[in-house]
1. Is it true that residue 226 is surrounded by 22 or more Cβ atoms within 10 Å (Cβ to Cβ), within 11 Å of the chain's Cα centre (by Cα), at negative phi and touching a residue at least 12 places away in the same chain (Cβ under 8 Å)?
2. Of all residues being at pLDDT below 95 and surrounded by 23 or more Cβ atoms within 10 Å (Cβ to Cβ) in the stretch 90-122, which is nearest to residue 30 (Cα to Cα)? Just the residue, please.
3. Checking the structure you have, find out if any residue of the stretch 159-170 is surrounded by 23 or more Cβ atoms within 10 Å (Cβ to Cβ) and assigned to a strand (DSSP E or B).
4. Just the residues that are modelled with pLDDT of 95 or more and in a strand (DSSP E or B), please, taken from the stretch 199-237.
5. Note down all Cβ pairs under 9 Å where the first residue falls in the stretch 15-26 and is loosely packed, with under 10 Cβ neighbours inside 10 Å, the second is not in a loop (DSSP other than H, G, I, E, B), and they're at least six residues apart or on different chains.
6. How many residues does the stretch 128-158 hold that are surrounded by fewer than 22 Cβ atoms within 10 Å (Cβ to Cβ) and assigned to a loop (DSSP other than H, G, I, E, B)?
7. Taking the criterion of being out of contact with any helix residue (DSSP H, G or I) (no Cβ under 8 Å at 6 or more places or on another chain), assigned to a loop (DSSP other than H, G, I, E, B) and either in the same structural domain as residue 165 (by TED's automatic domain parsing) or under 30 Å from residue 117 (Cβ atoms) (or both), would at least one residue in the stretch 34-50 satisfy it?
8. Given the criteria touching a strand residue (DSSP E or B) at 6+ places or on another chain (Cβ under 6 Å) and surrounded by fewer than 18 Cβ atoms within 10 Å (Cβ to Cβ), does residue 195 qualify?
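The values are calculated or read from the model by the stated rules, or taken from the named source; none is laboratory data. The model shown is predicted, which means the values in this text are computed figures rather than measured ones. Cβ atoms come from the backbone with ideal geometry, glycine included; neighbour counts cover every protein chain shown.
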């Protein structure tokens, strides 16, 4: 259908209004698209590294020891060139606000990309531990192949471990783009700044949030809907957030956190081998070997009328000294 003359005039007025809105001088009014990194290209490069990490699961042709090197190099050369370009753009934009990358920006990007790609063998070892943790931690898993192909947590953790290497090297924008790609495709949000140990498993996964300064030890398992978040943060004299403090909790080795639990605060430490029950709200540290759950109270028939207090018990089920089962009066 042909656009009518009246509709064309209306559209021209709209175009003028939208174009004029770019004269306001706000951050969203930037026209430096050629200087900014390209999200699609970053995701393409990320996919190439992910494929190399599990190449036997992604290849569309028969692989052997004879042609393995060819397939790896094909992916890594593409990832290298794309990431050097995109990181140089991100660094140049951060330093100068536009105008394209300098030779110094490109040199930095080449150094970082080479360092990260050199980490792939170690990264594959970490991912092997993560896959094994998923297989050992989920009785529904029939094979490690099923886990690699179908578990969203493995996809999210793989991207986190790649993005974390760039974050550690102070690459701007790129790690967050990678992390938010994983978030949008899996429902699992892991900030690339988080520190996560070996054999990490997220069961189901939807709604998990892990903040930038969270620290997670080895053999930790989270269920869906878990938040490792921050309390309200202090501001400086100008009213700006103080950004460089530890804001998110620490989970020591062997901790299990069940669905819907919320653990907040940079000073909150969940001790080794503790179990945090579903739907709990934690804003203080928990000793090693503690089980934390909610007791039901305040019922009207079968309906709970208020949120019950957390109950801390030791590994044998006894109420811990700092726990409480007293009803709210």
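1. No; evaluated as a whole, the condition is false for this residue.
2. Result: 92.
3. Within the stretch 159-170 (the criterion being surrounded by 23 or more Cβ atoms within 10 Å (Cβ to Cβ) and assigned to a strand (DSSP E or B)), the answer is no, since none of the residues qualifies.
4. 201, 202, 209, 210, 215, 216, 221, 222, 227, 228, 229, listed by residue number.
5. 23/29
6. Residues meeting the conditions: 6.
7. yes
8. yes
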